[in-house]
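K.L.:
Once you've had a glance at the structure underneath, I'll fire off some questions.
The values are calculated or read from the model by the stated rules, or taken from the named source; none is laboratory data. Keep in mind that this is a model prediction, so the values were computed, not measured. Here Cβ is always computed from backbone atoms with ideal geometry, including for glycine, and neighbour counts include all displayed protein chains.
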Amino acid sequence: MKLSIVIPCYNEERTLAEIVAQVLATDIKGMDREVIIVDDCSGDGAPQIAAALAADHPEVKVLTHPENRGKSAALKTGFESASGDIILVQDADLEYDPADYAALLVPFIENGADVVYGSRFLAPDRTTFLGFMHFHGNRALTMLSNVMNGLRLTDLSTCYKVFRRSVLDQMTLEEEKFGFCPEFTAKAARLKPKPEFIEIPVAYTSRSYAEGKKISWRHGLRAIYCIIRYSLFR
C-alpha cells in the first residue's frame, strides 16, 4: 500500500520545515509514502521553504494556489494529486504529532479499515486545548454531527483523518474554507455500504492565536451549517 500525506499550508514558515521533518521520520510500517504540500498563496516564506523541501526530498511534492482559497480547497487540490491507496491529512503547524501515524495505520493494515480518525478526546493526558470554548465547541459540534449522521465519534474536528482513496472517490467535496471536517464526515457516513469509523487516541497541543492559530467562532457557525446541509442533502 501507498500512503499520501496531504499538508495544506498558509503562512506557516515557522513550522513547515519541522513538521515535514517529523513526517519523514515517522514509521509507516513499510508502506510507500508521498508528502503533498499545498501552499494556499502564503504571504510569508512558506513557498520558498516548501520548494527547498521538495528539492531535498524526492517524496515531497509541492502544489500552489495563485490566490488564497481556503483550507478545504487546498485539501481538495492535494487529494486530486494524491496517488496513494490511503490518504492522511496533516496540518502544517505543530499541534499534532506524526508519531501517532503508526497507531492510525494499524486498522488499515490489520483490519482492512476504511476510515480512521485520530481523537484528541481519547487521550486527555496528551491533549491541551485552547480554552473552554475550543474544548466544548468541539464537543458540541461532534454531538450534533453524531445525531445527524448516526455516528458515535468523539472528535469531529480532528485534523487526523485517514481514509482509503476508494472512500474519497465516492463523493464530491464542495467546501472551500474550513468545512472539510463536517462535509467529509457526513458524506462518508451516507455511503452504501456505510464504512465503519474507527477512532485512535492522538496527542494534541493547541497553539495560541499569537502563534498563528486561525480557527475562530465564525468557523464554528460554518461547521453547524455544513453538518446540517451535508447530513440532509448529499
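K.L.:
So LYS29 fits all but one of (1) touching a residue at least 40 places away in the same chain (Cβ under 8 Å); (2) at negative phi; what number is the exception?
P.N.:
Looking at each condition in turn, LYS29 falls short on (2).
K.L.:
Determine whether ALA203 is closer than 18 Å to GLN90 by Cβ, modelled with pLDDT of 95 or more, surrounded by fewer than 21 Cβ atoms within 10 Å (Cβ to Cβ) and of a type in the set (Gly, Ala, Ser). Steps first, answer last, please.
P.N.:
Details: closer than 18 Å to GLN90 by Cβ: yes; modelled with pLDDT of 95 or more: yes; surrounded by fewer than 21 Cβ atoms within 10 Å (Cβ to Cβ): yes; of a type in the set (Gly, Ala, Ser): yes.
Yes; evaluated as a whole, the condition is true for this residue.
K.L.:
Between GLU18, GLU12, which is surrounded by 19 or more Cβ atoms within 10 Å (Cβ to Cβ), of a type in the set (Asp, Glu) and out of contact with any Cys (no Cβ under 9 Å at 6 or more places or on another chain)?
P.N.:
None of the other options fit; the residue is GLU12.
K.L.:
Now, a different point. Residues in segment 80-94 that are among the aliphatic types (A, V, I, L, M) and assigned to a loop (DSSP other than H, G, I, E, B): how many? Working first, answer last.
P.N.:
As a first pass, look at segment 80-94 and keep what is among the aliphatic types (A, V, I, L, M): 82, 86-89, 92, 94.
Narrowing further to those that are assigned to a loop (DSSP other than H, G, I, E, B): 82, 92, 94.
The qualifying residues number 3.
K.L.:
Listed residues GLY150, GLY137; which is modelled with pLDDT under 95, farther than 24 Å from ILE19 by Cα and not hydrophobic (A, V, I, L, M, F, W, C)?
P.N.:
Values: GLY150 fails: modelled with pLDDT under 95.
It is GLY137.
K.L.:
For residues that are without any contact (Cβ under 8 Å) to a residue 40 or more places away in the chain and touching a helix residue (DSSP H, G or I) at 6+ places or on another chain (Cβ under 9 Å), tally how many sit in segment 91-122.
P.N.:
1
K.L.:
Only one residue in ALA55, ALA74, ALA46 is over 21 Å from TYR160 (Cβ atoms) and crowded, with 22+ Cβ neighbours inside 10 Å. Which one?
P.N.:
None of the other options fit; the residue is ALA46.
Here's the yes/no breakdown for (1) at pLDDT 95 or above; (2) more than 15 Å from the chain's Cα centre (by Cα); (3) over 22 Å from GLY220 (Cβ atoms); (4) part of a helix (DSSP H, G or I):
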| position | (1), (2), (3), (4) |
| --- | --- |
| GLY78 | yes, no, yes, yes |
| GLU110 | no, yes, yes, yes |
| VAL116 | yes, no, yes, no |
| ASP125 | no, yes, yes, yes |
| ASP155 | yes, no, no, no |
| GLU176 | no, no, no, no |
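K.L.:
Take PHE129 and decide whether it is under 15 Å from TYR96 (Cα atoms), out of contact with any strand residue (DSSP E or B) (no Cβ under 7 Å at 6 or more places or on another chain) and of a type in the set (Phe, Trp, Tyr).
P.N.:
Considered against the rule, which asks whether it is under 15 Å from TYR96 (Cα atoms), out of contact with any strand residue (DSSP E or B) (no Cβ under 7 Å at 6 or more places or on another chain) and of a type in the set (Phe, Trp, Tyr), PHE129 comes out as yes.
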